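A short write-up of the structure that comes next.
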Amino acid sequence: MSETENLKYQIALSLIPGIALGNARRLVHALGGIKPIFDANEKALKRIPYIGEIKARAIIESDALERASEEVEFILKNDIHYVSFWDDHYPMRLKRCVDAPLMLFWKGNIQFNAEKTVAIVGTRNATNYGRDFCDGLVQDLAQRGGYTVISGLAYGIDVAAHKACLKNGVPTIGVFAHGLDQIYPRQHRQVAERMLESGGVVTDFISETKIDRQNFLRRNRIIAGLADATIIVESAEKGGSLVTADIADSYNRDVFALPGRHIDLFSRGCNQLIKSNKAAMIETLDDLEYAMSWQQTVDKPTKIQKQLFVELNDEEQRIVDSLNEAPLYIDQLCSIVQMPMGKVSSVLLALEFKGLVASLPGKMYKLT
């Protein structure tokens, strides 16, 4: 099967209602690929766990292949990059999310697996306080080096973060809630075009997608999923950026919030995140780098002396065995050893004290 034919089936699968990542993986596993899904009859599809009659019929009756063929033409005509969840170069941070999109489409020069990625989001009604914080933070990120900033290109804090990145030479990625045939809001077209030089724009929506409020909420999972940490700069007590914070927390990613005066409407959401321990307070880049273990040190860090002939209990041994092949994120460890997050965290801490395990940025761990 040619690459374009394979792309057509990958896109078609992503267009079928009710077939998100979990069901898509079950279908591919059961039938041995994506194309066989569209060749299977209803009876065969219904036998697959969690598919059932409704989803099986949705696949049989879908016109997704026809629409996918049109989208392939659009992609080839406009030199759009794409990746499927099953491809090796799918963004590694996003691949760890339970609701990762089946397809991604992008323009520009995006390094999805950059060393340090930070999402900066906030209210559309940004104040000078919020904009000034974005400018200062991104300026500091530029001086440190190695950072990529992700946001949603919306009014307010989002576009302020993107503009600060362009001014300071920090790669920045804008996540769309629609296809790559348009830019919304239109006023940010020039910003989006400049971002293509170092960074770019990405979406999981196909062309001709209507601008819809629910799409922006769906878009937020990609912003959170591509980042090691999410920073909420300003927000009222309700807002899309708080949804992004909740999603990031559900992915076990770090969340930070800029504090403000209790009388300021667009600091109330951030203050509440901090008060409820849903976010760490951030005032400077040092706060972020300390929490993420991204500090730059001149002196050689002190090494913990590894204990010789150390005795391990069963839980410690399981984690050490799991880390033998390569470093792992903590959520990957939880899945492998089948232990809750709190328990894995305490065992890892004990192993660090024994000098057997070292923590890396982004809640990743390796054997020493």
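The values are calculated or read from the model by the stated rules, or taken from the named source; none is laboratory data. Keep in mind the model is a prediction, meaning the values are calculated, not measured. Don't worry about glycine lacking a Cβ; one is built from the backbone with ideal geometry, like all the others, and counts go over all protein chains shown. Only protein heavy atoms, including side chains, enter the accessible area calculation; ligands, DNA and RNA are left aside. Shrake-Rupley method; radii C 1.70, N 1.55, O 1.52, S 1.80 Å.
Some observations on this one:
- Accessible surface area normalised per residue over the chain is 51 Å², counting heavy atoms of protein chains with a 1.4 Å rolling probe.
- The chain: antiparallel DSSP beta bridges as a percent of all, rounded to 5: 40
- Listed candidates (i) 144; (ii) 158; (iii) 129 - label of the one calculated as volume of the Cα convex hull per residue in Å³: (ii)
- Dipole moment magnitude, nearest 20 debye, the chain about Cα centre, only Lys, Arg, Asp, Glu C-beta charged: 460
- Net charge of Cβ neighbours under 13 Å - reference G52; Lys, Arg +1; Asp, Glu -1: +4
- Ellipticity estimate at 222 nm from DSSP helix runs (n ≥ 4, -39,500 (n - 2.57)) divided over the chain, nearest 500: -13000 deg cm²/dmol
- Annotation: amide H of I150 within the under-5 Å range of V118, A119, I120, I173, sequence separation 5 or more or interchain, hydrogens built in the peptide plane.
- Size estimate for the range 162-204 follows the Kirkwood approach: the inverse of mean 1/r over distinct Cα pairs works out to 10.5 Å.
- Share of carbon and sulfur in the accessible heavy-atom surface of the chain [1.4 Å probe, %]: 49
- Value of D in µm² per second that Stokes-Einstein yields for the range 209-295, Kirkwood Rh from Cα pairs, at 25 °C (0.890 mPa s): 184
- Among 7-14, 102-109, sorting by the average number of other beta carbon atoms lying within 10 angstrom of each residue, highest first, gives 7-14, 102-109.
- Gained length - V98 relative to Q332, 0.36 nm times residue gap less alpha-carbon distance: 83.1 nm
- Positive-end residue of N128, I211, G239, charge dipole of the chain with Cβ unit charges: G239
- Using a Förster distance of 51 Å, the FRET efficiency for S346-I211 (Cβ separation, nearest 0.05): 0.65
- Pairs from K275/K354; K8/K363; K116/K366; K8/K210; K107/K167; K35/K363 whose Cα-Cα separation, in the structure shown, is over 25 Å: K275/K354; K8/K363; K35/K363
- Cα-based convex hull, the range 22-169, per residue volume (Å³, whole number): 151
- Each 10 Å bin from zero up to the one holding the largest Cα-Cα distance in the range 1-91 carries the following percent of pairs: 16, 51, 27, 6.
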